[in-house]
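A.B. asks: Once you've had a glance at the structure underneath, I'll fire off some questions.
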Amino acid sequence: MLFTERLHLSSTAKVAILVLFGTLSPGCRITKIVPEGQLLLEKNKVKGNQIVSSGSIKEQIRHNPNRKLIFFKFHLWMYHFGFKKIGEPPVILDSAAVQKSARNISVYLLKKGFTENEVHYEIGKIPFRRRGKVTYFVTEGKRLTIKGVEVKSTNKSLAHVVRYNGKSLLKPGNPVDYDLIGAERNRINDLMRDKGYFQFNRSLVEFELDTTVGNDEAFVLITILEDTRRPQRPYKIGNVLTEIETGDSIADTLRTDGGHYVLNGMPLNTFILEQSTLLRKGELYKQSLVSGTYEKLIGLGMFSSVDVRLTPKEESDTGEIDVYIRLVAAPKHDLIWEPQVVTTEQRFREDISTRNYGLANELTLKNKNVLRNGEEFNVRLRTALETQFTRDSNSVFSTFIQEVNTELKVPHLLFAPSLAEKVNARNSSTRLNLSYLYERNQFYLRNLLPLTFSYEFVQNKGVMYWTPVLISLNKATFNQSLLDDLGPGYLEAQQRLFTNNLITSQKLSGVYTNRDRSPSEFWYVNSNMLEMAGMVLPQLTDYGSVFGVRHSTFLRSDADVRYTHHINPNNTVVVRLFGGLGVPVGERSLLPFERRFFAGGSNSLRAWRLRTVGPGSFSNDTSSIQFARSGEIGFTSNFEYRFGIIEAAVDVEGALFLDAGNVWNLKRDTLFPGGEFRFNRFYKELAINSGIGLRLDFDFLVLRFDLGVPLWDPNEALESRWVFVEPWKLSWARERTVWNVAVGYPF
């Protein structure tokens, strides 16, 4: 400590030196903070289990060691050096806590059907250190299986509904699992409430296991009880009243076949309320219709609060429920301002490479209920100014982007009202979008004008989009001075790939995630399942020559699959796979630049700049054009291990990552030799890199710094592709590593 004070080091530097010294010095032990006669809990081990995974059993252990940052107990050292807010106190080995954890394991195995399990533990001291470890020995024993299932009730109607409606989760031959029994109780409760039994609840479902049948089998008896205070019977919907609170009090009650509506001055046609209210007078009560009504009304975006109240008419012999829906109107206009920090990569040639930094300003104006049927009209303006830190920059801002996006969202399907039922959608809408993008930088001037008409279907497992009409006009003009020193072959590539083009296509896409069902591990899938461009129209326009553009015809598909596993609150593993294929259709067609695949960049291969890898093993000299390095096949895989470092006002997180990928063409191209895909060599053409990262979480944004290190470079000759040869040389670190500065996680 005296040493650091003399140097007047900052507190951060002190921490780094002390931690490093404490880690490397055998005389400085973290166990000095452990009281005499006690042990620091070093690790837990599980032995003996065969069917249930060790990971599942370890989750039942409540007495765990101090967390690690990769392999080092960073937070424990912080506590040792007096940084209490960052650090955590030592976990002292406690035999009572170990015994409780063993009991938790036994109870968990019992719930999984292992009725004769045995769990015992052994506490051991690590030699020459004041540390201890715990080994849990697990004997699962025989597991109960289901021999049969029987449903009974004093009310025959209730028993009949359970027996003959829906599929039971408890099947003969399957293991007894109390978690599954709980799920079956919920299924029966939802089933009964969807059959009109409004007064039914989970407490009326009882389970009993009869293990006297022998042979490690159990008979499951399900008893449906009756509430004597409230006799169980199906209910029907009575009166339905919908009232909107707007701040005004205007008696404009409207009556339709669907119900009564009190609008209180809100200029809204009752059609949209009827469509969103699934509860109809005289129909059987269903809990799923209540949930669906709530979801549809919230989805309109016009109400800040939605409340659905159900009141049974106990005095009625018919068994009716009155429905009162209370809606609080949201402001008609919303103005959203989003200032942004942006980083982009530009690379035209090997000798002209820049990374741009800048600011963007995004304004979104939302106008709700614009046509009195719940439509929402949005206008989004985005302006971005970027500059590059190079000595030869001629202007303050090297890139200017202006984007205007207009969208009309209709809360039902135009021209196809019955389509939502056919695809089993909970909610659906129509979106009409017209945009314009203007981008100017030192390399090119680009204008993009897309028009889309699409349907959105919200389903139980995600969201599906069908775009029957997609029209996009793209025009690009390149800086001629940058093309003057290129060879005729690369000028030909520029003419082929960057010509003005017209795209008319239809697209089917979707997004799926199970995050709500599994907080510890979940999948995310984003797929453009199929885009079909210009199957008929190009023939009518002579492939675009009538309009002076290229009219593209192609088929394209891609998928982005991500898997996230939270090992514990401090450690997370994320795996990503991306693959795509674009196939030109017809002799005169090619895949346009906007639909091609690229490799490299801060969200892909982090040791290469954008568009500097591929296609395939294609390699070129410094006079080559970089924007042309693209492919009709794209593949990227990423593995990232994320670990928490500091939890404070600004959370600090670290990462270790490994990336691999490339792009290829379908056919051999004389302009890009080695760029075609071949099964016998594509794996040798994968660009591979590793690296480390640091992320600063400010709640409203995540600022990311990633240092990418190339390992295998397909741009080199086969015998020279292994890059990681002399990593200790500073010139290697300066020339081959790549810094990535970005906003948000890479995936």
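Read the figures in this text as sums done on the coordinates, not as results from a lab. All values reported here derive from a predicted model rather than from experimental measurement. Using ideal geometry, Cβ is built from the backbone for each residue, glycine included, and neighbour counts are taken over all protein chains shown.
A.B. asks: Asn680 versus Arg229, label points 7 Å from Cα toward the beta carbon: distance in nm?
C.D. replies: Result: 8.0 nm between the two label points.
A.B. asks: Hey, another quick one. What ³J(HN,Hα) values, in whole Hz, does the Karplus curve 6.51 cos²θ - 1.76 cosθ + 1.60 give for the stretch 666-679 when θ = phi - 60°, with x put for Gly and Pro?
C.D. replies: Couplings: 6, 10, 5, 10, 5, 6, 10, x, x, x, 7, 7, 9, 4 Hz.
A.B. asks: Among the lysines, which fall within straight-line cross-link reach of Lys58, defined as a Cα-Cα distance under 19 Å, with same-chain neighbours fewer than 8 residues apart omitted?
C.D. replies: Lys43, Lys45, Lys47, Lys68, Lys100, Lys111, Lys112, Lys133
A.B. asks: Can I ask one more? So what's the projected area for the stretch 237-329, the Cα convex hull averaged over all directions, in nm²?
C.D. replies: 5.9 nm²
A.B. asks: Taking H placed 1.01 Å from N in the peptide plane, check which residues at least 5 places from Ser604 or on another chain put their amide H under 5 Å from its amide H.
C.D. replies: Residues meeting the amide H criterion: none.
A.B. asks: Here is a further query. Give me the extension gain from Tyr164 to Ser203: residue separation times 0.36 nm, minus the current Cα-Cα distance, reported in nm with one decimal.
C.D. replies: Stretched fully, the Tyr164-Ser203 segment lengthens by 11.9 nm.
A.B. asks: Quick check: pseudo-label points 7 Å beyond the Cα along Cα→Cβ at Tyr178 and Val585, how many nm apart are they?
C.D. replies: For the pair Tyr178/Val585, the computed spacing is 5.8 nm.
A.B. asks: So what J values fall out for the stretch 61-73 if you push phi through Karplus, 6.51 cos²θ - 1.76 cosθ + 1.60 with θ = phi - 60°, rounded to Hz, Gly and Pro as x?
C.D. replies: 7, 9, 10, 10, x, 4, 5, 10, 9, 6, 10, 10, 7
A.B. asks: Right, something else. If you plug each phi of the stretch 425-430 into the Karplus form 6.51 cos²θ - 1.76 cosθ + 1.60 with θ = phi - 60°, what whole-Hz ³J(HN,Hα) values come out, in order, with x for Gly and Pro?
C.D. replies: After applying 6.51 cos²θ - 1.76 cosθ + 1.60, I find 8, 6, 8, 8, 7, 10 Hz.
A.B. asks: Here is a follow-up. I need the peptides 77-90, 657-670 ranked by packing, meaning the mean over residues of other C-beta atoms within 10 angstrom, with the highest value on top.
C.D. replies: 657-670, 77-90
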